[in-house]
1. Would you confirm, using the coordinates I've provided, whether TRP118 is touching a residue at least 12 places away in the same chain (Cβ under 8 Å), among the aromatic types (Phe, Trp, Tyr) and within 17 Å of SER237 (Cα to Cα)?
2. When you scan the stretch 174-201, how many residues do you find that are assigned to a strand (DSSP E or B), more than 16 Å from the ligand (Cβ to nearest atom) and in contact (Cβ under 8 Å) with a residue 60 or more places away in the chain?
3. Does LEU139 qualify as being closer than 14 Å to LEU191 by Cβ and either crowded, with 21+ Cβ neighbours inside 10 Å or free of Cβ contacts under 8 Å to residues at least 40 places away in the same chain (or both)?
4. Can you spot a residue in the stretch 146-158 that is within 14 Å of the ligand (Cβ to nearest atom) and either surrounded by fewer than 21 Cβ atoms within 10 Å (Cβ to Cβ) or hydrophobic (A, V, I, L, M, F, W, C) (or both)?
5. Outside any loop (DSSP other than H, G, I, E, B), within 16 Å of the ligand (Cβ to nearest atom), more than 18 Å from GLY114 (Cα to Cα) and β-branched (Val, Ile, Thr): is that true of ILE205 in this structure?
6. Could you list, in sequence order, the residues of the stretch 71-115 that are part of a helix (DSSP H, G or I), free of Cβ contacts under 8 Å to residues at least 40 places away in the same chain and away from the ligand (no atom under 16 Å from the Cβ)?
Amino acid sequence: MEHSNRRKFLKSSLLLAALPAITPLEMFAFDGAEDKPETASAPYLFSQIPLPYSYDALVPHIDAMTMEIHYTKHHATYVKNVNEAIQAEKLNFKNEAAFFAAASKLSAKAKNNGGGVWNHNFFWESMAPGKGGMPSGKLKEAIDKTFGSVDQFKEAFSKAALGQFGSGWAWLINHNGTLKIAGTANQDNPLMDTAAVQGNPLLAIDVWEHAYYLKYQNKRNDYIAAWWNVVNWDQVSKRFA
Ligand code: MN3
């Protein structure tokens, strides 16, 4: 509340407090309600991680303007909207996993924007400058076993990303020890109880046009091919461990 308004408000509250119907306790409970959440955790269940690198760190594969708009506008808006929905709908989940496990019961606003926040945090951490190359260790063994080879995996994953109709994501998922590739529409993710293929996400690519249109226009295929150069396999291995 702005200072002078607050003073006016307090003054009128004190006048009201003099009336028998309004106790000082009620006045106190009302004061400040506009900027305090009902519980400490619920409205801030979702937040944006600090971007782990600069906007231009993934150039030439992902351009700086795309990164900046993607992080500061698109991603930030999902945070604002999901926390608005959580507050307005009085949702109370102990963590993000519990939120997504109840996706079928959430409003479109809560589900879409919650997915938007989580998916982008996951996406930023799936990439890093000077990465790409090949997976190693246990992860490579599992990929070889499931898909035949890393190249065959990349081909199948790229195909899923290219074939995702409209806006959405392609995922590599650990489903009870089995690796799977899946696509999701909009901001859905494999943690949601509504997902056709559920499991623990290991890797994801954002194929919304906002993720590539400035540099690649309609050539989603070129964006996907370039994206492999920034995949952070060390992070994917950590998620698989
Ligand atoms: Mn996006």
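Since every read-out is calculated from the coordinates, none of them should be taken as a lab result. The structure displayed is predicted, hence computed values, not measured ones. In this analysis, Cβ positions are derived from the backbone assuming ideal geometry, glycine residues included, and neighbour counts consider all displayed protein chains.
1. Working: touching a residue at least 12 places away in the same chain (Cβ under 8 Å): yes; among the aromatic types (Phe, Trp, Tyr): yes; within 17 Å of SER237 (Cα to Cα): no.
Considered against the rule, which asks whether it is touching a residue at least 12 places away in the same chain (Cβ under 8 Å), among the aromatic types (Phe, Trp, Tyr) and within 17 Å of SER237 (Cα to Cα), TRP118 comes out as no.
2. First, pick out the residues of the stretch 174-201 that are assigned to a strand (DSSP E or B): 174-175, 178-185, 200-201.
Going one step further and asking which of them are more than 16 Å from the ligand (Cβ to nearest atom), we end up with 174-175, 178-182, 200.
Subset that is in contact (Cβ under 8 Å) with a residue 60 or more places away in the chain: 174.
Total meeting the criteria: 1.
3. Working: closer than 14 Å to LEU191 by Cβ: no; either crowded, with 21+ Cβ neighbours inside 10 Å or free of Cβ contacts under 8 Å to residues at least 40 places away in the same chain (or both): yes.
When the stated conditions are applied, LEU139 does not pass them.
4. Residues of the stretch 146-158 that are within 14 Å of the ligand (Cβ to nearest atom), as a first pass: none.
Taking every residue of the stretch 146-158 in turn, none turns out to be within 14 Å of the ligand (Cβ to nearest atom) and either surrounded by fewer than 21 Cβ atoms within 10 Å (Cβ to Cβ) or hydrophobic (A, V, I, L, M, F, W, C) (or both).
5. Details: outside any loop (DSSP other than H, G, I, E, B): yes; within 16 Å of the ligand (Cβ to nearest atom): yes; more than 18 Å from GLY114 (Cα to Cα): no; β-branched (Val, Ile, Thr): yes.
Spelling it out, it is not the case that ILE205 is outside any loop (DSSP other than H, G, I, E, B), within 16 Å of the ligand (Cβ to nearest atom), more than 18 Å from GLY114 (Cα to Cα) and β-branched (Val, Ile, Thr).
6. GLU84, ALA85, ALA88, ALA98, LYS105, ALA108, LYS109, ALA110, listed by residue number.
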